[in-house]
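Remarks on the structure that follows.
The values are calculated or read from the model by the stated rules, or taken from the named source; none is laboratory data. All of these numbers come straight from a predicted model, not from anything done at the bench. As a convention, Cβ positions derive from the backbone with ideal geometry for all residues, glycine included, and neighbour counts pool all protein chains shown.
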Amino acid sequence: MKHIMCLMAALCSLQTARADQLGIYQHGTIVRMRMSDCLPSHHGFVATFGGPQAQTTADVCPEYTLISDKVVFVIVGKSSNQLIPLADVIDFRFQKSELAVRLDDAKRESRFNIKEMILRSEWDMMQKHITDQFNAQTTLAERVLTNRSR
């Protein structure tokens with residue numbers, strides 16, 4: 001009986017370890033895309049002790065704004081061919097210090113560097129502030145044009 005309980009505990013721990021390794025997918029929506037400079041990749045001993053290195057080529061990579069339920073991410077692709085359609089709902093998970101993204105028709109995940117993260121509530125407040133400022137400027141411009149036409 002004791003051996004059976006140990007075997008069951010081992011099987012349960014394997015399932016838990018497998019779930020941790022795979023990660024749990026979250027859902028998010030891509031709302032903005034622009035091309036920006038690729039983030040430098042830092043690997044191993046040379047990056048640690050080699051000092052800063054100038055980027056030899058002017059590579060541009062896609063930069064996306066990904067909105068999830070609680071967090072807004074700005075992620076950058078590692079190459080210029082990592083493209084995601086706008087307004088697309090994607091599944092993503094954290095893997096080490098990167099975001100692993102799975103698109104519907106892709107066979108594997110694409111990995112993106114995380115450039116920025118902000119709470120969704122703060123991002124919503126910033127967007128409302130920007131919209132309010134734009135509306136105030138538009139109203140002011142309309143008043144100026146109305147006064148000039150009189």
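Here residue 119 clears all of (1) of a type outside the set (Asp, Glu); (2) under 20 Å from residue 34 (Cα atoms); (3) touching a residue at least 40 places away in the same chain (Cβ under 8 Å) except the condition numbered (2). Considering the conditions (1) over 14 Å from the mean Cα position of the chain (by Cα); (2) over 18 Å from residue 28 (Cβ atoms), residue 122 is excluded by exactly one of them, (2).
Filtered by the rule that a residue be at pLDDT below 90 and of a type in the set (A, V, I, L, M), region 108-148 gives 136, 140, 141, 144, 145. The C-beta contact set for region 90-105 (first residue under 17 Å from residue 32 (Cα atoms), second residue of a type in the set (Val, Ile, Thr) and outside any strand (DSSP E or B), distance under 9 angstrom, 6+ apart or interchain) comprises 90/84; 101/84; 103/84.
Cβ-Cβ contacts under 7 Å between residues 6 or more apart (or on different chains), taken from a first residue in region 122-150 that is within 21 Å of residue 69 (Cα to Cα) to a second residue that is not in a helix (DSSP H, G or I), are listed as 123/72.
If you go through region 60-80, how many residues are over 18 Å from residue 27 (Cβ atoms) and out of contact with any Cys (no Cβ under 9 Å at 6 or more places or on another chain)? First the steps, then the outcome.
First, the residues of region 60-80 that are over 18 Å from residue 27 (Cβ atoms): 60-63, 76-80.
Next, only the ones that are out of contact with any Cys (no Cβ under 9 Å at 6 or more places or on another chain) stay: 62-63.
Result for region 60-80: 2.
When residues in region 56-101 are screened for being at pLDDT below 80 and loosely packed, with under 10 Cβ neighbours inside 10 Å, 4 of them pass.
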